[in-house]
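The values are calculated or read from the model by the stated rules, or taken from the named source; none is laboratory data. Please read these numbers as outputs of a predicted model, since none were measured by experiment. Here the Cβ is made from the backbone with ideal geometry for all residues, glycine too, and neighbour counts use every protein chain on show. These area figures cover heavy atoms from the full protein model, side chains too; ligands, DNA and RNA do not enter into them. Shrake-Rupley method; radii C 1.70, N 1.55, O 1.52, S 1.80 Å.
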Protein chains: 2
Amino acid sequence: MMRRGFRAAATLGRLRALPGAPCLLPIRNPATASGSSMASRISRFCPEKTDFKDFALPNASWCPDMLGLYQEFLEKTKTDGWIKLPSFKSNREHIHGLKLPTELADTPEKSDSRIITRSIQVEGQGYEHVIFFNPSEKKSVCLFQPGPYLEGPPGFAHGGSLATMMDETFSKTAYLVGEGLLTLSISIRFKNMIPVGSLAVLNVSVDKIEDQKLYLSCITQTRDQKTVYAKSSGVFFQLQLEQE
Amino acid sequence: MMRRGFRAAATLGRLRALPGAPCLLPIRNPATASGSSMASRISRFCPEKTDFKDFALPNASWCPDMLGLYQEFLEKTKTDGWIKLPSFKSNREHIHGLKLPTELADTPEKSDSRIITRSIQVEGQGYEHVIFFNPSEKKSVCLFQPGPYLEGPPGFAHGGSLATMMDETFSKTAYLVGEGLLTLSISIRFKNMIPVGSLAVLNVSVDKIEDQKLYLSCITQTRDQKTVYAKSSGVFFQLQLEQE
């Protein structure tokens, strides 16, 4: 019973947390979930054809470091097994066509809902970012360039913007690696401030999967790795999707 | 030497983290910092007269819970020692007239920089919030209503939005209670999702101050306290501002 796993999660505190929508994917749809290999999740998450706009593409605001590293990873998608994840305006678009848990299926759609990381659509002002995922290594790299609408101290990104970007990269990675996830916790140790308009590189790894929990870690640093911005970790709950 | 404390902090990893600007306040200005009682910090932070717009005021988007609790706390500002903190568009406005550490003083001003929690200015779409502070109890309460531009899962606030709001409330509280602060770490345990457009109440306490560190905790819940959204903690570094 697919439902059983969901109920187990619910006992941890109703329908718990969770940032990115990926964690809320196929719970009531055995047809979708049954072939739930990492490959099938990737193909659902990265549709070859879609009418939705992908925001994870270069624009004039990207700094040279961001653009340069993007091109490097784009090359790696051709030879080294990396995948560029699309980034739509809303998680409704990412989960388009999939059924949701009852608690979510009835959620009325707002006329202009947006995922937080695509809420500011003026180029360069908000969360400029793109995520690359490596299935065999269970790793992701997020290129993040915070804009001046994400300020904390003058000229520097707010710690909350990094927390958000980290949580988003964690949740997408956790979904693709493990499927059907809920965020249990995140922790961040800040080391240095990220200047607005510069590149921060988030390196995310799935360290272990144990007792229906995925343990992820992240180190955020400059492209040359000489400055560490933050070290962080996250624990995600894996819904035990048993097939009917 | 006021500088000494700053250098001590810097050795922990250059100019470290720090979400809200309050943590970056008066380091190079002995005249401002010397009378650094909590009262003087509050009076600097809450100017009686200012040309800057205060965004922490009710608007048509506020849900009845948000408006009702705001009115309750506003009453408490008259009798119970609570203070409503203003919320300007940028931390540049909060720290107006104060000198900054060298690393920050030379930061060029962007034409339209905004603190992340006031980046979305369409009423009701982003971080609707107001913070009340109680000096004698060393506590703050933040009323937070996430809008549809802060979505994670459809219909619910992204975990990063709560992390941001929590970090912001922590840092303002830590500055007012302790002065000159840098965020060392934050941790969040998620319990339930926050529906977009509803009220989440963040109750922040300073639990202890030890070895130049302030330890804060936060419980986020519904107004009736029946649903806990998250429990979190933060550690902030206190710059030992010694007088010249």
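Here are some notes:
- Given (1) at the interface with another protein chain (Cβ under 9 Å from one of its Cβ atoms); (2) small (Gly, Ala, Ser); (3) under 20 Å from the mean Cα position of the chain (by Cα), index of the condition B:ALA200 fails: (1)
- Members of the stretch B:204-224 found to be free of Cβ contacts under 8 Å to residues at least 60 places away in the same chain, open to solvent by 10 Å² or more (accessible area, probe 1.4 Å) and assigned to a strand (DSSP E or B), listed by number: B:ASP207, B:LYS208, B:ILE209, B:GLU210, B:LYS213, B:TYR215, B:SER217, B:ILE219, B:GLN221
- Qualifying residue in the stretch A:163-171 (condition: buried (at least 23 other Cβ atoms within 10 Å of the Cβ), more than 9 Å from chain B (Cβ to nearest Cβ) and on the phi < 0 side of the Ramachandran plot): yes
- Hits in the stretch A:125-154 - residues which are over 21 Å from B:PRO146 (Cα atoms), open to solvent by less than 10 Å² (accessible area, probe 1.4 Å) and not in a strand (DSSP E or B): A:PRO153, A:PRO154
- Output for the stretch B:55-80, where each listed residue is open to solvent by less than 40 Å² (accessible area, probe 1.4 Å), more than 16 Å from B:THR169 (Cα to Cα) and in a loop (DSSP other than H, G, I, E, B): B:ASN59, B:SER61, B:TRP62, B:CYS63
- Looking at A:ILE116, A:ILE120, just one residue is open to solvent by 20 Å² or more (accessible area, probe 1.4 Å), closer than 30 Å to A:PRO64 by Cβ, at the interface with chain B (Cβ under 10 Å from one of its Cβ atoms) and modelled with pLDDT of 55 or more, and that residue is A:ILE120.
- Taken over the stretch B:145-162, the criterion of being in contact with a Phe, Trp or Tyr (Cβ under 8 Å, 6 or more places away or on another chain) and at the interface with chain A (Cβ under 7 Å from one of its Cβ atoms) is satisfied by B:LEU150, B:GLY159, B:SER161.
- Taking the conditions (1) modelled with pLDDT under 85; (2) under 28 Å from A:ALA163 (Cβ atoms); (3) open to solvent by less than 20 Å² (accessible area, probe 1.4 Å) in turn, B:THR102 satisfies each one other than (3).
- Only residues that are open to solvent by less than 10 Å² (accessible area, probe 1.4 Å) and modelled with pLDDT under 95 were counted in the stretch B:180-203, giving 4.
- Enumeration of residues in the stretch A:181-197 that are under 17 Å from B:LEU184 (Cα atoms), facing chain B (nearest Cβ under 7 Å) and touching a helix residue (DSSP H, G or I) at 6+ places or on another chain (Cβ under 7 Å): A:ILE186, A:ILE188, A:PHE190
- Close contacts from the stretch A:125-144, counting a first residue that is at positive phi and of a type outside the set (S, T, N, Q) and a second that is modelled with pLDDT under 95 and open to solvent by 10 Å² or more (accessible area, probe 1.4 Å), with Cβ to Cβ under 7 Å and a gap of 6+ residues or different chains, come to A:LYS138/A:VAL177.
- Members of the stretch A:157-179 found to be more than 17 Å from A:LYS84 (Cβ to Cβ), of a type outside the set (Asp, Glu) and assigned to a helix (DSSP H, G or I), listed by number: A:GLY159, A:GLY160, A:SER161, A:LEU162, A:ALA163, A:THR164, A:MET166, A:PHE170, A:SER171, A:ALA174, A:GLY178
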